[in-house]
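Report on the following structure.
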Amino acid sequence: MSDLFIRKATGLVRSWSVFDAFVYAFFSINFVTLGFYAFSQMYFFGGGMINALLVSAIFLIFEIIVYASLIAVMPRSGGDYVWMTRIFGGSIGFILSITGWWFTLWLWTPVYGDMLRQVVITPILGVLGMKDAALWFAGKGTPLFVSSLLALAFVSLVIFLGMKTYARIQKWSFYAGMLGLLIVIVLLFTGNPEKFKAGFESNSAALFGTQPGLYDATVAAGQAAGASTPLTGGSINLIFVTLPWLVFFNLWPNWGATLYGEVRGATDYKRNFSGMAWALGAVTLLGIVFFLGVNKTIGWDFYMQANGAWWNYYWGYVPDVSPLPVWPYPAMLAVFLTSNRLVQIIVMLLMSCWWFGWAGTLFLSSTRVIFAAAFDRLLPEKAAELNSSGTPVNAMLLMVIPAAFVSYLYAYDVGGFISITLAATQGIAIMYFGTAIAAIILPYKKKELFEASPIAQMKVAGIPLITVAGVVFAGFLGFLLVEWLFDPWLNTGGEGPGLYGISFKNTNSMIYLGVCYALSAAIYYGFKSYRKKGGIDLDKVQAEIPVE
Amino acid sequence: MTTIFFATDVHGSDICWSKFLNAGKFYNADRLILGGDMTGKAVVPFIHQGGQNYRVTLLEQVFNLTNEDELTDLKKRVRSRGYYPYMTTPDEIAELEKDPARVSKIFLQEVLKVVQQWMDLADKKLEGTDLKVYCSPGNDDMDEVDDIIRSSKRVMLMEGLVTQLDDDHEMITSGWSNQTPWQTHREENEDQLKVRYEAMTSQLKNPHTAIFNIHVPPYKSQLDEAPELDKDLRPVLAGNSMKPVGSTALRAAIEKVQPLLGLHGHIHEGRGSSRIGKTLCINPGSMYEQGTLLGAIVQLKKNKIENYVLTTG
């Protein structure tokens, strides 16, 4: 029986494919770039990686509920910036989201650059027989800076091409990347430790000029680095201590979530939720399968030792380059199981699609938030200006120039800047925390809006689901923020950068965070005052007009 | 200086219409301009179940109403989203399912009823003020809407006219759009739009200080980015692929005439402002289903725009 009559009218689109939504969310929790990078740096923890993956996924389901709910209540509104601005008022929404979606992305640039060279440039140059170039790109300082500039050039190209083109590139990259990963997993599950050891020795020597005894040297260097993270097990406490680093990889299932169309009901909420939840579930399962494959053939302890050996050198704890003079990229280690160079080249090229299909969106949210702020007159109109070919040149410059500067600081480790990698996650997590609080209070502060929404009847024990999910997600984020700031290692008398490197004892991290928030606040209050002099009261512009 | 408040695409939302009428006082605006698409898109049946009981499905959530208070409350919620509540019975619903023409009649009847209520409200709320509403139905509005607007004392139908907005600024107005996948009431091809625009621009005494109040945004202005759809009207690639759908004829007219200001709507997700040459084009977007009135305040001086800002009311 009909419960609704709809006429032909503009914008009445049908639901999109859940599979498409899955693809984009799956790529956002990027297993190869974010995942491999995060796992490799997590060599010194006590909690089992599989356990940590599962526990984090449980908490991130609540993140997905929060974002799917906010999108259902306020679709097409522009995300965190608009949600927080509407629920809290102007200042908090602006300061948190400008810092989270704009300034923090500057710091992500050298991280993307590092992944570009580790996942794409170095291994491909290696299998193509360009040993010297591969080794140069693996080095400290200038190679990372160059790679960051290449990443910036690629991101700029994507903005120039537009999302219509890039969305298609992403989808093809998904298929190509998955094929590459499937081959890697098959290699891992069909190989054995002896074959790997032999292949590791011979291929490393051929590609990177390593000396015989590389395997044993790597084990020794890894042990000296304190590589200890187990595959499974660990107490609840040790597993939770692992999470603030692991979320660098999987905090992002909501990254590209959007909703279009009108007269959309609860089904669309469920589709949105499903796309993100399936992606989180699939990536978590993929992680477990991959870890088991690594354990079977490469050996879990060796994998962690290789990671420890590399990062112990790269972070400057030991002066000598690690025995394997490039990042131990797991896909490359897997193709060492074959000596067929063509297969190696094909797999490395396919695996590079994980970076190309993902990295282009680096500045997507930044550009959107810059535009939204410019339309709210909190930035000059020129910030949102397009050139004759429709490219937002000024918004790009507002991203590219500071990002290049931050990349310089990071690449050359100016004042220990490289230690603040996790601040890139922290800045966005703080913004998510604001969004989670907004979600908690939405049904009470914007009662009419909520009650006329497609999720009004979704309740747990009489409490709106969005509020319940918001409490759990905010609690999780609160835990992460406390752990990052009050590093448990440092607070038990430990020395060095601590577990996460971004505690209150890390001056660089505190200065970076402080400068970002101070800059946001200065922009907000400066423009507010400036506009007021010009006759525009920005508080009123955001205020609700009385209905009666 | 003249301050205008512009909003568009309120699509039947009672809340948005009330806010729009109050916006003049709230923002100290001298002129109120509504860009088009006043009418809603959905009729929600309230199916009588006997006694005081009704069964209603709103956004795929089922509400079983058992008393007058619940009925009133849900009707208000339905209206707040711009949909039309329709009191009916299971038997009538069964008949309507077989008779699309009758559904269209019900739509028209509900739409016109609400437009009439809105005109009455405007006459009442704006009485004793200098404020008038400049209005042009958009491509989603049925032709029958025009006569009701003409009957209003405070809301003026501006379609196809050149209006002297103040001493220094003329305004041309049209709610017609280029062709859409939905084959709506007021759409035509780009050549026809060109003729429509030229009929008005040729009458402008001072084109460079004019305002183009045209429902559809200009092509490739960034105000016209909408999700790319497949043949079944599904957003492709999960809505990640956006494409420009504005009018090329309008863009050409703006490039040629270079008016001071363009006021547009139509693409609800296209909120923003952009420049085409010297012309500032604005699309405030629409969030009518959330009861939020998106708008734009523009302060006009003789030969320039003194200031402007997009609002979220």
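The values are calculated or read from the model by the stated rules, or taken from the named source; none is laboratory data. If you're wondering where the values come from, they're calculated on a predicted model, not measured in any experiment. As a convention, Cβ positions derive from the backbone with ideal geometry for all residues, glycine included, and neighbour counts pool all protein chains shown.
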Report task. Could you check, for segment A:253-269, whether at least one of its residues is surrounded by 15 or more Cβ atoms within 10 Å (Cβ to Cβ), within 14 Å of another protein chain (Cβ to nearest Cβ), among the hydrophobic types (A, V, I, L, M, F, W, C) and within 24 Å of A:Val111 (Cα to Cα)? Result -> yes
Restricting attention to segment A:47-59, does a residue exist that is within 14 Å of chain B (Cβ to nearest Cβ) and either in contact (Cβ under 8 Å) with a residue 40 or more places away in the chain or among the polar types (S, T, N, Q) (or both)?
no
Those residues of segment A:57-76 that are surrounded by fewer than 24 Cβ atoms within 10 Å (Cβ to Cβ) and of a type in the set (S, T, N, Q) come to a total of 0
Residues of segment A:165-210 being surrounded by 14 or more Cβ atoms within 10 Å (Cβ to Cβ), of a type in the set (D, E, K, R) and closer than 20 Å to A:Gly299 by Cα, in sequence order, are A:Lys195, A:Lys197, A:Glu201
Checklist entry - Do we have B:His215 as within 12 Å of another protein chain (Cβ to nearest Cβ), touching a strand residue (DSSP E or B) at 6+ places or on another chain (Cβ under 9 Å) and under 30 Å from A:Ser274 (Cβ atoms) here? => result no
Residue count, segment A:211-231, condition crowded, with 16+ Cβ neighbours inside 10 Å and part of a loop (DSSP other than H, G, I, E, B), comes to 4
Checked segment B:59-76 for anything surrounded by 15 or more Cβ atoms within 10 Å (Cβ to Cβ) and over 12 Å from B:Asp14 (Cα atoms); matches are B:Leu59, B:Glu60, B:Gln61, B:Phe63, B:Leu65, B:Glu70, B:Leu71, B:Leu74
Scanning segment A:37-60 residue by residue, the ones that are within 16 Å of the chain's Cα centre (by Cα) and more than 16 Å from A:Val241 (Cβ to Cβ) total 4
Exception for B:Gly262 within (1) buried (at least 19 other Cβ atoms within 10 Å of the Cβ); (2) more than 9 Å from chain A (Cβ to nearest Cβ); (3) over 16 Å from the mean Cα position of the chain (by Cα) falls at (3)
When you scan segment A:105-119, do you find a residue that is within 30 Å of B:Ile267 (Cα to Cα) and modelled with pLDDT under 95, even just one? yes
A:Ala266 fails exactly one of (1) under 21 Å from A:Ala133 (Cα atoms); (2) touching a residue at least 60 places away in the same chain (Cβ under 8 Å), namely (1)
Could you say whether any residue in segment B:15-24 is of a type in the set (Lys, Arg), in a helix (DSSP H, G or I) and at the interface with another protein chain (Cβ under 9 Å from one of its Cβ atoms)? yes
Subject >> Flag for A:Tyr24 being buried (at least 20 other Cβ atoms within 10 Å of the Cβ), within 14 Å of chain B (Cβ to nearest Cβ), within 26 Å of A:Ala279 (Cα to Cα) and of a type outside the set (Val, Ile, Thr) >> reply: yes
(message) When you scan segment A:375-386, do you find a residue that is free of Cβ contacts under 8 Å to residues at least 40 places away in the same chain, outside any helix (DSSP H, G or I) and closer than 30 Å to B:Leu237 by Cα, even just one?
(response) yes
Just to be sure, is B:Arg79 surrounded by fewer than 16 Cβ atoms within 10 Å (Cβ to Cβ), in a helix (DSSP H, G or I) and more than 8 Å from chain A (Cβ to nearest Cβ)?
-> no
Reported set for segment B:48-76 where residues are at the interface with chain A (Cβ under 9 Å from one of its Cβ atoms) and touching a Pro at 6+ places or on another chain (Cβ under 6 Å) is B:Leu59
### Query
When you look at B:Lys113, is it part of a helix (DSSP H, G or I), under 30 Å from B:Asp166 (Cβ atoms) and free of Cβ contacts under 8 Å to residues at least 60 places away in the same chain, yes or no?
no
Within segment B:291-308, the residues that are within 7 Å of another protein chain (Cβ to nearest Cβ) and surrounded by fewer than 23 Cβ atoms within 10 Å (Cβ to Cβ) are B:Gln299, B:Asn307
| task | Could you tell me whether A:Ile370 is β-branched (Val, Ile, Thr) and more than 14 Å from every other protein chain (Cβ to nearest Cβ)? | result | no
Taking segment B:25-47 and the residues there that are within 11 Å of chain A (Cβ to nearest Cβ) and among the aliphatic types (A, V, I, L, M), the one that is surrounded by the fewest Cβ atoms within 10 Å (Cβ to Cβ) would be B:Ile47
Those residues of segment B:90-146 that are farther than 22 Å from B:His11 by Cα, among the β-branched types (Val, Ile, Thr) and either within 12 Å of chain A (Cβ to nearest Cβ) or out of contact with any helix residue (DSSP H, G or I) (no Cβ under 8 Å at 6 or more places or on another chain) (or both) come to a total of 1
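Results for (1) crowded, with 22+ Cβ neighbours inside 10 Å; (2) in contact (Cβ under 8 Å) with a residue 24 or more places away in the chain; (3) of a type outside the set (Phe, Trp, Tyr), shown as yes or no for each residue.
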| position | (1), (2), (3) |
| --- | --- |
| A:Gly275 | yes, yes, yes |
| A:Tyr314 | no, yes, no |
| A:Pro323 | yes, yes, yes |
| A:Trp327 | yes, yes, no |
| A:Met332 | yes, yes, yes |
| A:Leu337 | yes, yes, yes |
| A:Ile345 | no, yes, yes |
Of the residues in segment B:60-76, those that are in contact with a helix residue (DSSP H, G or I) (Cβ under 8 Å, 6 or more places away or on another chain) and part of a loop (DSSP other than H, G, I, E, B) number 1
(1) at pLDDT 90 or above; (2) within 14 Å of chain B (Cβ to nearest Cβ) all hold for A:Trp484 apart from (2)
Looking at segment A:173-186, is at least one residue in contact (Cβ under 8 Å) with a residue 12 or more places away in the chain, within 14 Å of another protein chain (Cβ to nearest Cβ) and under 29 Å from A:Phe27 (Cβ atoms)?
yes
Among strands (runs of 3 or more DSSP E) completely within segment B:219-313, the ones holding 1 or more residues that are β-branched (Val, Ile, Thr) are B:272-276, B:279-283, B:294-300, B:305-312
Among the residues of segment A:519-542, the number that are of a type in the set (A, V, I, L, M, F, W, C), without any contact (Cβ under 8 Å) to a residue 40 or more places away in the chain and within 7 Å of another protein chain (Cβ to nearest Cβ) is 0
Scanning segment A:305-339 residue by residue, the ones that are in a helix (DSSP H, G or I), closer than 21 Å to A:Ile418 by Cα and under 24 Å from the mean Cα position of the chain (by Cα) total 7
